[in-house]
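The values are calculated or read from the model by the stated rules, or taken from the named source; none is laboratory data. All figures in this text were calculated on a predicted structure; none of them were measured in a lab. Every residue, glycine as well, gets a Cβ built from its backbone with ideal geometry; the counts of neighbours run over all protein chains shown.
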Amino acid sequence: MCGIIGYIGQKEANSILIDGLKRMEYRGYDSAGVAVLDNGTIFSLKRIGKVAELARAQTKFPHRGPIGIGHTRWATHGNVSERNAHPHLSDDGRFAVVHNGIIENYLQIKAFLIERNYRFASDTDTEILANLIDYHYQKAPHLHFAEIVRKTLLHVEGTYGIAIISKIFADELVVARKGSPLLIGLGEGENIVASDAAAVARYTKRVVYLNDGEVASVRSDNFSITTLHENAVDVVCHELDWEIHDTDLADYPHYMLKEIFEQPSVIENAMRGRFTADGCSAKFGGISLIPRELRMVDRLLFCACGTAYHACLVGKYLIEKYARIPVDVEYASEFRYRNAPPQRNTLVFVVSQSGETIDTLAALHEAKRRGYMVLGITNVVGSTIARATDAGIYQHAGLEMGVASTKAFTSQITILSMLALLFARIRDMDAIVGLQYVQALKSLPIIASDVLKLSEQIRIIAEKYYGYERFLFLGRQAMYPIALEGALKLKEIAYVHAEAFPTAEMKHGPIALISEETICIFIATQNELLDKTMNNIQEVKARGGKVIAIVNNNCIAWEIFCDEVLIIPEVHPGINPITSVIPLQFLAYYIGILRGCDVDRPRNLAKSVTVE
Ligand code: F6R
């Protein structure tokens, strides 16, 4: 969602702010702005639309000061307009604020400030922060900058990540966090604050993440952090595990395509160092439980949102099949408010690429409150969810810039497949079967590379069908969540109505949708129940529907009954979902491109959903 950047050092802040905003564009936004302190005055510039618009307008913004803040806004309070874009200045221009999150009591605070003659120029909740900070400054001008901000925030309800500059405190930048991510990137003679490590990775790999309820005073050569109530904080410095080229497109036209093609190496990174020495099982350094404790687990509960939720559903099929442990999967947004009955010996997993999704974080807190042990699977090292879990597994998939998750999904299901193996080997699975499973996993990067070679064939298929408005995705067993994921990708990337069902469910209602206008995509890569799937395909054909089938072998029946057949290698069922999803990612990508969509920044979507 919104992005925050702030710079303090010796260089011109402006260009660093613009560069940081560009690197956070992938998160989704509708307007952007910067404020720079130059010769004792704060100057701001805002534009609706792309950061490129803001960058173009910089030719008329000659402010070279070495301290500033910037923001990409995703509108919540107030429409998309320059006056609602951030930064917001206090009435007399003493303070400038950028903010992510929602101030819940802003109307009361606004009324309080209006009574004291403060004027407001926007409809946002954020502007009250600038004026309330100013109010507290006027009340006690002798206080330090961070103290004024702390006093202000004691009156604020809601969520925030904020960065503030002031013409009164010209060598300092203050940041604070409650429910919205913020970090300090530590440089040499300069520090950069941001809501996303992607914005600082070019300048430094050493970052300090703020926790909820913390306020930091940041200068060019040092920083200090306390809690809102002025308690000391143990500062932990993290090392970023991605490279700056993760944020570049290389020779690809879009991040989504780049990330689809990165999947063989992403899968390899998810597995690296995670097989036992005997080659028959998996191990995860981050999971501190010993085998005896893992065997005591009677049930697993997974919570996640969106694509990560689909990954968990794949995990359910694999874990139940191989490890024989009952698995429940819940939308994090449901679990957090649902009064789910407590279960004994249950281990909870939260899965989140960004590690910042508000619903998943809330589900995590709810599970902990109920006394469950909560483990995490996340991609972003040091993210809020990674830090809040009892232990966890990092995906090491590199920065995912495309708003639609692709490589993070395959990395999650690779890890979940390995978890199925780990749990299975502690229970039912013998060493020989474990060895075959491990060999299948190890072969996965090469097989995934083979599946990538279908790109051109899928592009040609997309050319035939991109004009259709109704797509059904159908799969059985572990291919059902793959069907869900295929439908989600098409919806978000190409804005086409797509739904997914377990194949046999088609007869129970969705078959009414089948006509010459309907494209049915059958994911028929599991060997069981293929005859039944063939019957379903014939039911579609009998009603004039078009069929695209993803299969493992080129049997004549596919050719006869399907309009298009995509053949991917036959693999071990433990890794089958991973290879099966790649053609669906390509299909969504090419249809999106052919329909003229901005595939890296689909409308209305944000990369990490940090507000409810
Ligand atoms: C879809 C997509 C979203 C995310 C969801 C959870 O392509 O990316 O559905 O999967 O918002 O995000 P994370 O995994 O960051 O918690």
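Worth pointing out:
- Checklist (1) buried (at least 18 other Cβ atoms within 10 Å of the Cβ); (2) free of Cβ contacts under 8 Å to residues at least 12 places away in the same chain; (3) small (Gly, Ala, Ser) applied to residue 111, failing item: (1)
- Where residue 416 falls short, out of the listed (1) in contact with a Gly (Cβ under 7 Å, 6 or more places away or on another chain); (2) more than 30 Å from residue 565 (Cβ to Cβ); (3) in contact (Cβ under 8 Å) with a residue 60 or more places away in the chain: (2)
- Out of 528, 492, 559, 564, one residue alone is of a type outside the set (A, V, I, L, M), closer than 30 Å to residue 597 by Cα, in the same structural domain as residue 466 (by TED's automatic domain parsing) and over 29 Å from the mean Cα position of the chain (by Cα). It is 564.
- Near pairs, Cβ below 9 angstrom, 6+ apart or cross-chain, from the range 297-320 (away from the ligand (no atom under 16 Å from the Cβ)) to any residue that is among the acidic types (Asp, Glu): 299/328; 300/328; 301/328; 301/330; 316/328
Condition check ((1) in contact with a Gly (Cβ under 7 Å, 6 or more places away or on another chain); (2) among the charged types (D, E, K, R)) across all residues:
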| residue | (1), (2) |
| --- | --- |
| 440 | yes, no |
| 451 | no, no |
| 460 | no, no |
| 464 | no, yes |
| 476 | no, yes |
| 496 | no, no |
| 503 | yes, no |
| 514 | yes, no |
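- With respect to the stated conditions, residue 128 is surrounded by 20 or more Cβ atoms within 10 Å (Cβ to Cβ) and part of a helix (DSSP H, G or I).
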